[in-house]
């Protein structure tokens, strides 16, 4: 099966505390979907499935500001040339922020589906966004005007400006890489063998894209293919290039980050092997330090030339929330759910509602949780039978309109183990 980022993974996780998050870039409550570095290398901006963005100081390792505006996952972030910040999300909106201000200065609207990527033009005057509404849009930061570029047949997952600003490059799930001339006219369309999830461009104009087949593909600025390299067996979901353009980091859904020697087009080393997605990667200006955003909500630092983690706290592992249920088959079936749901109402709420007291509760009735409007009128009470049905037919069929990711449990035995486990683990 091919992979589109976020379609089969959680959509948002834990709410972030309203006070600055202390510790080494640990503060997000869900997967870190995007990371950007300020021009001076002193600040980090991160966006998460938990619907928030955080501006961090790399010197103090404190979260200096939590940016709350989006109603869904923050999929893309960027520092602007004037020091402001841009965030874009699954709610199809772009917010422009001044550091220290609690609300956006400007909100850009027009997309009709999640925004997956954004890029700042070399002159800093425009933003480009890639969306799952199959369009690329170019926005004026001066007046909010937009240009709509149509042609992709499926989700557009990546967009970058070329270094000279004369072209815009986009990639999508339709296998297409498009080079759009900024002066208008027909784009060059290059069809590649795989759905395309990520994109980066070198200072000399070389384009590198990452696909669902785990391969990097290299193209000239005119779109001529010049080579490919295998990063791994699982889909690539994020790419980053060092500022000196010697290294490329390719992050995969399987949890491994492959560091490529760009000139040799071969893997120099790999980082991590958590088994869970690494959603975002970015190099610091030193061309050596790499930041990765993980499914556990943490931003880790690595020496990309040695493969070693930087900082002792980066190597710490979270306590297994299911450790008390070791050997319980139902708990193992539930393991895929712990990113979004807690078993106890004493824990900090995650993307999904707590499952404490689940059985006997009407759908979308838990106080304090923001449910999809589509769920509020449904006549479903959670019981072992209704939970089993949910996973037998899938959330999209059983609870249409839900934000819950599509997932099914085909085995009746596994569904029974899960519902029995929930009865034991969530009862009050």
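The values are calculated or read from the model by the stated rules, or taken from the named source; none is laboratory data. It should be emphasised that the depicted structure is a prediction, and the values quoted were computed from it without experimental measurement. Glycine gets a Cβ as well: all are built from the backbone with ideal geometry, and neighbour counts include every protein chain shown.
Need a quick list: helices (runs of 4 or more DSSP H) entirely within segment 354-412 having at least 3 residues that are in contact with a helix residue (DSSP H, G or I) (Cβ under 9 Å, 6 or more places away or on another chain) and not assigned by TED's automatic domain parsing to the domain that holds residue 73.
On the way: elements: 373-376, 384-393, 395-398.
Per the criteria, 384-393.
Identify the residue in segment 224-243 that is loosely packed, with under 14 Cβ neighbours inside 10 Å and assigned to a loop (DSSP other than H, G, I, E, B) and, among all such residues, is nearest to the chain's Cα centre (by Cα).
Going through the qualifying residues, I end up with 233.
Quickly run through segment 104-120 and pick out the residues that are touching a residue at least 60 places away in the same chain (Cβ under 8 Å) and part of a strand (DSSP E or B). Let's see the steps before the verdict.
Going residue by residue through segment 104-120, those that are touching a residue at least 60 places away in the same chain (Cβ under 8 Å) are 114, 116-117.
Correct list: 116, 117.
Looking at this structure, is residue 372 closer than 24 Å to residue 330 by Cα, surrounded by 12 or more Cβ atoms within 10 Å (Cβ to Cβ) and touching a residue at least 24 places away in the same chain (Cβ under 8 Å)?
Working: closer than 24 Å to residue 330 by Cα: no; surrounded by 12 or more Cβ atoms within 10 Å (Cβ to Cβ): yes; touching a residue at least 24 places away in the same chain (Cβ under 8 Å): yes.
Answer is no for this residue.
When you go through 143, 82, 123, 72 one by one, which is the residue that is in contact (Cβ under 8 Å) with a residue 60 or more places away in the chain, assigned by TED's automatic domain parsing to the domain that holds residue 282 and part of a loop (DSSP other than H, G, I, E, B)?
On the way: 143 fails: in contact (Cβ under 8 Å) with a residue 60 or more places away in the chain; 82 fails: in contact (Cβ under 8 Å) with a residue 60 or more places away in the chain; 123 fails: in contact (Cβ under 8 Å) with a residue 60 or more places away in the chain.
After applying the criteria, what remains is 72.
Which numbered condition in (1) exposed (fewer than 15 other Cβ atoms within 10 Å of the Cβ); (2) in contact with a strand residue (DSSP E or B) (Cβ under 8 Å, 6 or more places away or on another chain) is the only one that residue 50 fails?
For residue 50, the exception is condition (1).
Of these, 101, 137, which one is out of contact with any helix residue (DSSP H, G or I) (no Cβ under 6 Å at 6 or more places or on another chain), part of a strand (DSSP E or B) and assigned by TED's automatic domain parsing to the domain that holds residue 158? Spell out the reasoning first.
Numbers: 101 fails: part of a strand (DSSP E or B).
The match here is 137.
Take residue 417 and decide whether it is within 29 Å of residue 27 (Cβ to Cβ), surrounded by 13 or more Cβ atoms within 10 Å (Cβ to Cβ) and modelled with pLDDT of 90 or more.
no
Exposed (fewer than 14 other Cβ atoms within 10 Å of the Cβ) and over 23 Å from residue 323 (Cβ atoms): does that describe residue 394? So that I can check it myself, show each step before the final result.
Details: exposed (fewer than 14 other Cβ atoms within 10 Å of the Cβ): no; over 23 Å from residue 323 (Cβ atoms): yes.
Judged against the criteria, residue 394 is not a match.
Report the residue count in segment 26-64 for those that are at pLDDT below 85, assigned by TED's automatic domain parsing to the domain that holds residue 106 and over 25 Å from residue 404 (Cβ atoms).
6
Confirm whether residue 221 is touching a residue at least 12 places away in the same chain (Cβ under 8 Å), within 25 Å of residue 115 (Cα to Cα), assigned to a loop (DSSP other than H, G, I, E, B) and over 25 Å from the mean Cα position of the chain (by Cα). Break it down stepwise before answering.
On the way: touching a residue at least 12 places away in the same chain (Cβ under 8 Å): yes; within 25 Å of residue 115 (Cα to Cα): yes; assigned to a loop (DSSP other than H, G, I, E, B): yes; over 25 Å from the mean Cα position of the chain (by Cα): yes.
Judged against the criteria, residue 221 is a match.
Looking at 209, 246, 200, which one is in contact (Cβ under 8 Å) with a residue 24 or more places away in the chain, within 21 Å of residue 35 (Cα to Cα), more than 22 Å from the chain's Cα centre (by Cα) and surrounded by 15 or more Cβ atoms within 10 Å (Cβ to Cβ)? Working first, answer last.
Working: 209 fails: more than 22 Å from the chain's Cα centre (by Cα); 200 fails: more than 22 Å from the chain's Cα centre (by Cα).
Selected residue: 246, the only one of 209, 246, 200 that is in contact (Cβ under 8 Å) with a residue 24 or more places away in the chain, within 21 Å of residue 35 (Cα to Cα), more than 22 Å from the chain's Cα centre (by Cα) and surrounded by 15 or more Cβ atoms within 10 Å (Cβ to Cβ).
Sort out which residues of segment 281-295 are part of a loop (DSSP other than H, G, I, E, B) and either surrounded by fewer than 18 Cβ atoms within 10 Å (Cβ to Cβ) or modelled with pLDDT of 95 or more (or both), and write them in order of number.
284, 285, 286, 287, 288
Give me a count of the residues in segment 161-176 that are outside any loop (DSSP other than H, G, I, E, B) and buried (at least 24 other Cβ atoms within 10 Å of the Cβ). If you could, list the steps in order and put the result at the bottom.
Let us first name the residues in segment 161-176 that are outside any loop (DSSP other than H, G, I, E, B), namely 161, 167-172, 176.
Right, trim to buried (at least 24 other Cβ atoms within 10 Å of the Cβ) and you get 168-172.
So the answer is 5.
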